[in-house]
Amino acid sequence: MGNQTERVNKVIKIDKAIANKLIGAYRPDYKVQSIERFTGGKSTSNYKVTIAGSKRPIVLRIYPQSNSTGDKEFAINKKMKALVPIPTMHYFDSSKKLIEHSYAIMEYLDGITLDEYISKHNHFPESLAEEIGEKLALIHHFEYDQEGFLDSNLKLMEGLPPIQLWYKYFMNGTAGKRLDDTTMEKMIRFEETFNSIITTITERFVFNHGDFRPENLMVKDDRLIGIMDWEFSLSAPCFSDIGQFLRVEELVDSNIQCRFIKGYNRNAKRPLNENWKGYGKAIDMMNMFSMLDSKEERPMLYSSLKERIDKSFDFLGSQTE
């Protein structure tokens, strides 16, 4: 399937003594028995912490140093908790007095990620797909005037260039140089069609999770119990999250897609028409191009992205023939 989870920021390593100090600020009576780092995640460093005398672990989440993501996630936790399943943030400290990073203490969810679940059971329950669609639609109820990054109050902090400009920018930039000639030819032929699609899908901007993939969805007993890792949230067309969820079609086949969108339209402010899949594919190509445009070399990630981009062009081309 390819590795799409290579890290954006280096792992922040801590030991048991540091964990004790950080958690002690939240609960002085807590004594750390053991810590174990979660291997997933691309930006923050997350540790499962067991507490002496308690059967319920907690999660210690440490944010990159020059990063205000923790403040934003704290605001998201308060805003979204009543709407969708999201682990409770018990405690947040951005003072950097105990450690040179902001950190949070989170609820531990006793489940597995959706991609792990599918791999383990070779099955994606259609009812679960519908539930995921329902919850994503609720996230998308919050609207903005334009695309852009959000501050710690979830207000537009910094606008992004219009999405209509992204295609040519990436085609002429580092991302374009990483694509082979065949894919570049498809990209050039598709440019006019892309501009027409983007004009349609940028009529509305909503709160986006920003990394809505099976790796960030926790499940248990065929139910969604947690939507994780909101650090990349932003204002964007709703199809950005939808396209990310559809990206790996080995996990999300056509039947699952139909049930997902059925659930989505049930709760959507504006139900989607029959072109929703093509719109999701088109804007998710921009998400993938943005990752390809990095100066860093991540060969495993880039190989997987290029394969996905090529498949997206093939799908979109088949829809316009």
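We did not get these values from a lab; they are worked out from the coordinates using the rules stated. Predicted model only: the values in this text are computed from it and were never measured. Cβ coordinates were reconstructed from backbone atoms using ideal geometry, including for glycine residues, and neighbour counts include every protein chain displayed.
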For the chain, built as a Gaussian network whose Cα springs stay under 10 Å, the top-fluctuating residue of 19, 82, 236: 82
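Sort 248, 206, 11 so that the residue with the fewest other Cβ atoms within 10 Å of its own Cβ comes first and the one with the most comes last. Don't jump to the answer; show the numbers that get you there.
Values: 248 18, 206 21, 11 13.
If I rank by nearby Cβ atoms, fewest first, I get 11, 248, 206.
What trypsin sites (Lys or Arg not before Pro) in region 196-280 are in a loop by DSSP, with at most 16 other Cβ atoms within 10 Å of the Cβ?
Values: sites: 204, 220, 223, 247, 259, 262, 266, 269, 277; in loops: 204, 247, 269.
Hits after loop and neighbour filter: 204, 269.
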Between residue 204 and residue 65, how high is the FRET efficiency from 1/(1 + (r/R0)^6) when r is the Cβ-Cβ distance and R₀ = 35 Å? Nearest 0.05. 0.50
Give the residue from 99, 152, 127 lying farthest towards the positive end of the charge dipole for region 88-176; charges sit on Cβ (+1 for Lys and Arg, -1 for Asp and Glu) and the dipole is referred to the Cα centre. 99
Taking R0 as 56 Å, what FRET efficiency do you get between residue 25 and residue 274 from their Cβ-Cβ distance, rounded to the nearest 0.05? 0.60
For residue 194, net neighbour charge (Lys/Arg +1, Asp/Glu -1) across residues whose Cβ lies under 13 Å away: +1
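With a cut-off of at most 16 other beta carbons within 10 Å, and DSSP calling the residue loop, which GluC sites (Glu not before Pro) in region 92-181 qualify? Please list them. Please list the in-between numbers first.
Numbers: sites: 100, 107, 116, 126, 130, 131, 134, 143, 147, 158; in loops: 100, 147.
Sites meeting the loop and neighbour criteria: 100.
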For region 16-108, the spread of Cα positions along each principal axis, largest first, Å: 32, 29, 26
Distance (nanometres) between label positions extended 7 Å along Cα→Cβ at residue 90 and residue 123: 3.4
If the reach is capped at under 19 angstrom between alpha carbons, list the lysines near residue 295, excluding any in the same chain fewer than eight residues apart. 10, 42, 168, 177, 306
Using the charge dipole of the chain (Lys, Arg: +1 at Cβ; Asp, Glu: -1 at Cβ; taken about the Cα centre), state which of 80, 109, 162 has its Cα farthest towards the positive end. 109
Tell me the mean residue ellipticity at 222 nm calculated for the chain from its helices only (DSSP H runs of n ≥ 4, each -39500 (n - 2.57), averaged over every residue, nearest 500). -13500 deg cm²/dmol
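Report the local net charge at residue 270: Lys and Arg +1, Asp and Glu -1, summed over other residues whose C-beta lies under 12 Å from its C-beta.
Working: positive: 204, 269; negative: 143, 203.
Neighbour charge sum, excluding residue 270 itself: 0.
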Just to be sure I understand the model, the point goes 7 Å from the Cα along the line to the Cβ. What's the resulting residue 138 to residue 222 distance in nm? 2.1
Could you give the size of the charge dipole of the chain about its Cα centre, using +1 on the Cβ of each K and R and -1 on the Cβ of each D and E, expressed in debye and rounded to the nearest 20? 1220
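Report the gain in length on full extension from residue 290 to residue 110: 0.36 nm times residue separation, minus Cα-Cα distance, nm rounded to one decimal. List each step's numbers first, then the result.
Working: separation 180, 0.36 × 180 = 64.80 nm, distance 3.33 nm.
Here the segment from residue 290 to residue 110 would lengthen by 61.5 nm.
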Neighbourhood net charge (9 Å Cβ-Cβ; Lys/Arg +1, Asp/Glu -1) for residue 214: -2
Let me spell out the model: positive unit charges on the Cβ of Lys and Arg, negative unit charges on the Cβ of Asp and Glu, origin at the Cα centre of region 26-130. What dipole size does that give, in debye rounded to 20? 400
Those GluC sites (Glu not before Pro) in region 197-261 that DSSP places in a loop and that have at most 15 other beta carbons within 10 Å: 203, 249, 250
Would you list 163, 242 from fewest to most Cβ contacts within 10 Å? 163, 242
List 63, 144, 108 from most exposed to least, where exposure is judged by having the fewest other Cβ atoms within 10 Å. 108, 144, 63
Remind me, relative contact order of the chain in percent, using alpha carbon pairs under 8 angstrom and six or more residues apart? 20
